Amino acid sequence: MTAPHAIRTACIEDLDELLAIEAACFKTDRLSKRSFKHFIQPGPHELIVLTRDECVLGYVLLLFRAGTNLARLYSIAVSPNAQHQGLSKHLLGAAEPAARAHRCVFMRLEVSVNNAPAIALYRKDGYQTIDTISNYYDDGDDALRMEKRLHYRMDERTVTRPYYQQTTDFTCGPASLMMAMKTLQPDYAPSRHEELQIWREATTIFMTAGHGGCSPHGLALSAWRRGFNVTLYVNQQEAPFLDGVRDAQKKAVIQLVHEDFLAQIKGTRIKLNVKALESAELDRILHSGAPVVALISTWRLNRNKAPHWVYVADSDDEFVYINDSYIGDDPHTTQTDHIQVPIDRHVFRDMARFGQKRLRCLLVISGPRKNPA
């Protein structure tokens, strides 16, 4: 009679057995000893092992994106000596309660298109294919991106929005605007050329460090020039981002750029609403269905107090779903963690403001206009 198995959180004493399973199961894209040590420690992740007679027979690794309600099943493996016993199903079953405990809306994963047994297991468990990723693995294999919804929305809508990954560290604004424009014009093709062009049009020239970010007024003008109706909600009249810049000359330049943007806006039909955006107004805008580009602080996401533009892809009564164009250099992070990312509405309200003066900016576009002139 086969001894019963047990499920528990991994500990440092499991390291050698985890490395042996990794080496036996994967030829490429293996988790390193350093990575396993990291994931055994507390953090936005959970490493779960399945044991029998105190021997580790398999593991499942979940990653949780900080500040969001998203879980990713990063890796799952069972020792070759223990396969074909249904242990993968048990590990998958243990992963879901762990994600629900973090109030995650989605569980997502990537799997090789050539791994038919794993694909069948995921589909049987309720996962659906949402995308195919070319050349995802080190050996050149393509991957399926799969998703299972753990928290069901009351209206049961399924909304898919375009995604564009920014190609520089400072073009989150143009990338977010291009996603919004493609939502309204499906045949529109975002490009790096236009990404940089919009940045040149909308940049503040200076920021706290590095290249200048995009002004909300500059982005509004860029959307208007491309033939869209534009409404800009901003809760302050002064030039944005000044409180984060110490150099007097840089401040003077930012102020001059801001005044020029305001003068240009007067020559358009852009609706500029300078008003405090309370929770009810923010909810109304998010529920309008029109594409929204929002300024946020990334503190809750990565403990970096930086202004950042995101595209609000969808919203419901409990969550706001953002497309975040900036992926960064974390080797364990992919587009899967940045597409339609669910964020609790109360968390998003706090996140959607920046700096000591709590600057709040929302850019809403519609159209395109019948007469773009």
| message | For the stretch 312-335: of the residues being under 10 Å from the mean Cα position of the chain (by Cα) and in a strand (DSSP E or B), which is farthest from Pro162 (Cα to Cα)? | response | Tyr321
| Close pairs (7 angstrom Cβ cut-off, 6 or more residues apart or separate chains): under 11 Å from Leu50 (Cβ atoms) in the stretch 5-31, part of a loop (DSSP other than H, G, I, E, B) and not aromatic (Phe, Trp, Tyr) anywhere | Ile21/Ser79
| message | Among the residues that make up the stretch 64-74, is at least one of them of a type in the set (Phe, Trp, Tyr), in a helix (DSSP H, G or I), within 26 Å of His5 (Cα to Cα) and not assigned by TED's automatic domain parsing to the domain that holds Phe348? | response | no
| task | Within the stretch 16-44, count every residue that is more than 20 Å from Ala66 (Cα to Cα), part of a helix (DSSP H, G or I) and of a type in the set (Lys, Arg). | result | 2
| message | Can you find, within the stretch 282-302, the residue that is nearest to the chain's Cα centre (by Cα) among those that are under 24 Å from Leu242 (Cβ atoms) and either touching a residue at least 60 places away in the same chain (Cβ under 8 Å) or part of a helix (DSSP H, G or I) (or both)? | response | Leu301
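Yes/no per residue for (1) surrounded by fewer than 18 Cβ atoms within 10 Å (Cβ to Cβ); (2) out of contact with any Pro (no Cβ under 6 Å at 6 or more places or on another chain); (3) in contact (Cβ under 8 Å) with a residue 24 or more places away in the chain:
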residue	(1), (2), (3)
Leu91	no, yes, yes
Val113	yes, yes, yes
Gly140	yes, yes, no
Lys148	no, yes, yes
Gln165	yes, yes, yes
Met181	no, yes, yes
Trp199	no, no, yes
| request: Would you check if Glu13 is at negative phi, touching a Lys or Arg at 6+ places or on another chain (Cβ under 8 Å) and outside any strand (DSSP E or B)? | output: no
| said: Just to confirm my filter: which strands (runs of 3 or more DSSP E) fall fully inside the stretch 93-197 and include at least 1 residues that are basic (Lys, Arg)? | reply: 106-112, 143-149
| Members of the stretch 204-251 found to be of a type in the set (Phe, Trp, Tyr) and either outside any loop (DSSP other than H, G, I, E, B) or over 24 Å from the mean Cα position of the chain (by Cα) (or both), listed by number | Phe206, Trp224, Phe228, Tyr233
| Extreme residue, nearest to Arg360 (Cα to Cα), among residues of the stretch 274-305 that are hydroxyl-bearing (Ser, Thr, Tyr) and either touching a His at 6+ places or on another chain (Cβ under 7 Å) or crowded, with 17+ Cβ neighbours inside 10 Å (or both) | Ser297
| query | Does any residue of the stretch 216-239 turn out to be on the phi > 0 side of the Ramachandran plot, at pLDDT below 95 and assigned by TED's automatic domain parsing to the domain that holds Asp324? | reply | no
| task | Report yes if some residue within the stretch 304-315 is of a type in the set (D, E, K, R) and modelled with pLDDT of 90 or more; otherwise report no. | result | no
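The values are calculated or read from the model by the stated rules, or taken from the named source; none is laboratory data. Just so we're clear, the structure is a prediction, and the values are computed from it rather than from any experiment. Heads up, the Cβs are rebuilt from the backbone with ideal geometry, glycines too, and the neighbour counts pull from every protein chain shown.
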